[in-house]
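The values are calculated or read from the model by the stated rules, or taken from the named source; none is laboratory data. On a predicted model such as this, the values are computed, not experimentally measured, just so you know. Neighbour counts run over all protein chains shown; Cβ positions are idealised from the backbone, glycine included. Note: areas computed on protein heavy atoms with side chains; ligands, DNA, RNA excluded. Shrake-Rupley method; radii C 1.70, N 1.55, O 1.52, S 1.80 Å.
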Amino acid sequence: MDNQPVLELRGVSKRFGAVQALYRVDFAARPGEVMALVGDNGAGKSTLIKGIAGIYNLDEGEVYFEGQRVHIHGPRDSAALGIEVVYQDLALADNLDVVGNMFLGREHLQSGLLLDETRMEQEAISTLDSLSVTTIRSVRQAVAGLSGGQRQAIAVAKAVMWNSKLVILDEPTAALGVAQTRQVLDLVRRLADRGLAVIIISHNLHDIFEVSDRITVLRLGQKVAEYVPSETTQQEVVHAITAGELNTVPGMAEA
Amino acid sequence: MKTRRTANIILREGGIGLALILLIVFFAFTADNFATLANVRNILNQITINTILAVGMTFVILVAGIDLSVGSVMAFSMMAAGTVLKLEGLPINAAIGLGIFTGLAIGMVIGFLNGWISEQWKLPSFIVTLGMLNIARGAALQLTEARTIYQFPTQFTTFGTTTIFNEIVPLIFLVALALVGVSWFILTKTVFGRLIYAIGNNEEAVRLSGHTPAVYKVATFTICGVTAGLAGLINMSRLTIASPIVGNGAELSAIAAVIIGGTSLFGGKGSVIGTFIGACIIGVLNNGLTIMGVDDFTRQILTGVVIIVAVILDYYRAKFVQQTAAA
């Protein structure tokens with residue numbers, strides 16, 4: 001497991017006015033591994049992934065991608081590196097079909113002008129097949145008519161289409177039933193088995209223990225622990241989430 | 001896959017198309033002189049302006065905006081173009097070229113302003129374009145102190161008064177038809193169109209995909225402004241005069257055509273083909289009822305009824321499509 005991280009953060013901080021959302025966080029995501037990011041509300045999980053995705057600019061610290069120092073200033077920068085984020089609210093356009101959504105903003109063209117529907121349709125089908133997503137009946141149906149699990153599968157498939165190296169999933173199972181959660185977790189595992197680095201945010205420790213290779217615990221903007229699921233217990237992780245030891249942040253009141 | 005898409009399109013536009021055909025058949029049997037070649041030419045002339053305005057409006061409504069200023073912008077573009085056309089000392093062709101440019105440019109600038117102001121200050125386009133409705137109408141009236149401009153060069157008015165195919169099809173109608181075709185192409189075959197639909201449904205999804213929705217939304221208002229300018233030029237060419245009171249309430253007819261055509265005011269759903277059929281329905285209805293001797297007031301009531309019935313039918317159509325998709 002000592003393979004080189006795809007993404008490494010060293011001492012990153014982010015402040016919103018008086019709120020220290022992240023404080024000197026070290027974090028790494030390795031190829032073939034699922035890294036879980038857990039923490040209570042306000043622990044800084046979303047801020048961290050938005051920093052990685054370029055939606056927020058980090059105030060301090062260094063970001064390395066495949067060993068190179070990088071500066072990510074927007075979603076386009078992170079996408080160019082091979083970082084894809086599957087957001088909690090999925091970012092799907094209900095009125096477009098599956099193909100339209102999977103290629104949204106990155107459509108294939110023919111003669112530089114026309115949408116290449118045939119090529120996009122074929123690639124969408126082959127990507128879904130390669131991820132063993134079998135529940136989508138037609139890639140030409142509007143996503144409005146799909147179930148939560150199917151929508152999540154499309155959002156994930158969309159993320160892996162672009163030679164991505166790191167896929168970040170923000171609470172992918174939050175709104176799903178048991179069977180659909182199962183399907184999505186299997187899908188997450190398959191991403192890692194393909195050699196992708198995966199970061200998953202979840203509140204469900206049961207899911208996390210099942211799918212992840214490492215667990216990073218954030219509390220009040222700081223990283224308080226990192227575990228390997230087989231060497232820890234849910235109780236220990238819960239303890240870290242609620243009472244993990246914090247460093248003193250200069251200039252901040254005791255939380 | 002292809003057949004499913006075709007089936008969806010037929011389902012989407014078919015109902016409204018059928019309504020148009022039934023309306024035509026009804027009038028053909030009940031209104032004398034409805035089904036004559038001369039009357040076909042009348043109808044095509046009558047629906048041209050509304051079609052052009054409604055096509056531009058479709059772009060705006062697809063991103064969940066609205067443009068109430070198109071009637072006034074049409075008048076202002078027309079008065080400005082008319083003033084340029086009458087400039088002394090310019091060769092006729094230069095005056096015509098400059099007049100056309102002026103009309104389109106004014107529409108474009110006002111459309112851009114509508115979109116830009118709405119996006120810059122996050123204002124509802126309803127409010128911004130309501131203001132612009134007044135501004136453009138005032139400017140149109142001010143330009144000639146409310147006087148009508150007459151006697152344009154025949155080279156300019158010939159276009160608006162020429163008909164082809166046995167004098168049935170006005171040239172100006174072909175312009176409207178071409179605009180429908182080009183717009184359909186843009187909206188269904190290009191990335192720009194794809195993003196317009198996506199923005200209408202989920203602006204955030206487009207932002208996260210790395211595009212700036214505001215740019216596309218401003219573009220739709222700009223397109224709508226240009227079509228208003230075009231409508232002004234064509235109206236002037238057809239009527240051979242430029243009057244600052246033209247286009248009063250035209251925005252409402254355009255919006256009605258878009259809505260009857262099945263485009264949702266909430267954005268993301270609809271098509272210019274539907275809009276065109278919607279404009280045809282309004283035109284045929286007005287024409288048929290007039291021929292039958294129905295008075296203005298009753299006609300207005302019936303047009304209103306048609307608009308409401310159309311959206312109710314669309315509600316059931318959407319439910320039906322959902323059920324067949326789920327089945």
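Rundown of residues vs (1) in contact with a strand residue (DSSP E or B) (Cβ under 7 Å, 6 or more places away or on another chain); (2) within 14 Å of chain B (Cβ to nearest Cβ), yes/no style:
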position	(1), (2)
A:Arg15	yes, no
A:Gly32	no, no
A:Gly54	no, yes
A:Leu115	yes, yes
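Name the residues in the stretch A:65-85 that are under 24 Å from A:Gln4 (Cβ atoms), within 11 Å of another protein chain (Cβ to nearest Cβ) and not polar (S, T, N, Q), would you? Answer for the stretch A:65-85, where residues must be under 24 Å from A:Gln4 (Cβ atoms), within 11 Å of another protein chain (Cβ to nearest Cβ) and not polar (S, T, N, Q): A:Asp77, A:Ala79, A:Ala80, A:Glu84, A:Val85. Screening B:Val226, B:Val258 for residues that are open to solvent by less than 20 Å² (accessible area, probe 1.4 Å) and away from chain A (no Cβ under 14 Å) leaves exactly one candidate, B:Val258. Among the residues of the stretch B:273-305, those identified as in contact with a Leu (Cβ under 6 Å, 6 or more places away or on another chain) and within 14 Å of B:Ile16 (Cα to Cα) are B:Ile277, B:Cys280, B:Ile281, B:Val284. Comparison of B:Thr263, B:Thr324 shows that the only residue that is within 14 Å of chain A (Cβ to nearest Cβ), at pLDDT below 95 and open to solvent by less than 20 Å² (accessible area, probe 1.4 Å) is B:Thr263. Given the structure, is A:Gln110 open to solvent by 60 Å² or more (accessible area, probe 1.4 Å), touching a helix residue (DSSP H, G or I) at 6+ places or on another chain (Cβ under 9 Å), within 14 Å of chain B (Cβ to nearest Cβ) and modelled with pLDDT of 90 or more? Considered against the rule, which asks whether it is open to solvent by 60 Å² or more (accessible area, probe 1.4 Å), touching a helix residue (DSSP H, G or I) at 6+ places or on another chain (Cβ under 9 Å), within 14 Å of chain B (Cβ to nearest Cβ) and modelled with pLDDT of 90 or more, A:Gln110 comes out as yes. Since A:Arg194 meets every condition but one in (1) of a type outside the set (Gly, Ala, Ser); (2) open to solvent by 10 Å² or more (accessible area, probe 1.4 Å); (3) touching a residue at least 12 places away in the same chain (Cβ under 8 Å); (4) not assigned by TED's automatic domain parsing to the domain that holds A:Ser46, which condition does it not meet? Here A:Arg194 clears every test but (4). Where helices (runs of 4 or more DSSP H) sit wholly within the stretch B:149-257, those with at least 2 residues that are at pLDDT 95 or above occupy B:171-189, B:191-201, B:213-239.
Suppose the filter is farther than 28 Å from A:Ala153 by Cβ, open to solvent by less than 60 Å² (accessible area, probe 1.4 Å) and either assigned to a strand (DSSP E or B) or away from chain B (no Cβ under 14 Å) (or both); does A:Leu58 pass it? Considered against the rule, which asks whether it is farther than 28 Å from A:Ala153 by Cβ, open to solvent by less than 60 Å² (accessible area, probe 1.4 Å) and either assigned to a strand (DSSP E or B) or away from chain B (no Cβ under 14 Å) (or both), A:Leu58 comes out as yes. Residue count for the stretch B:1-44 under the criterion of being open to solvent by 90 Å² or more (accessible area, probe 1.4 Å), in a loop (DSSP other than H, G, I, E, B) and at pLDDT 90 or above: the result is 0. Here A:Asp129 passes the criteria (1) closer than 21 Å to A:Ala197 by Cα; (2) surrounded by 14 or more Cβ atoms within 10 Å (Cβ to Cβ) except the one numbered (2).
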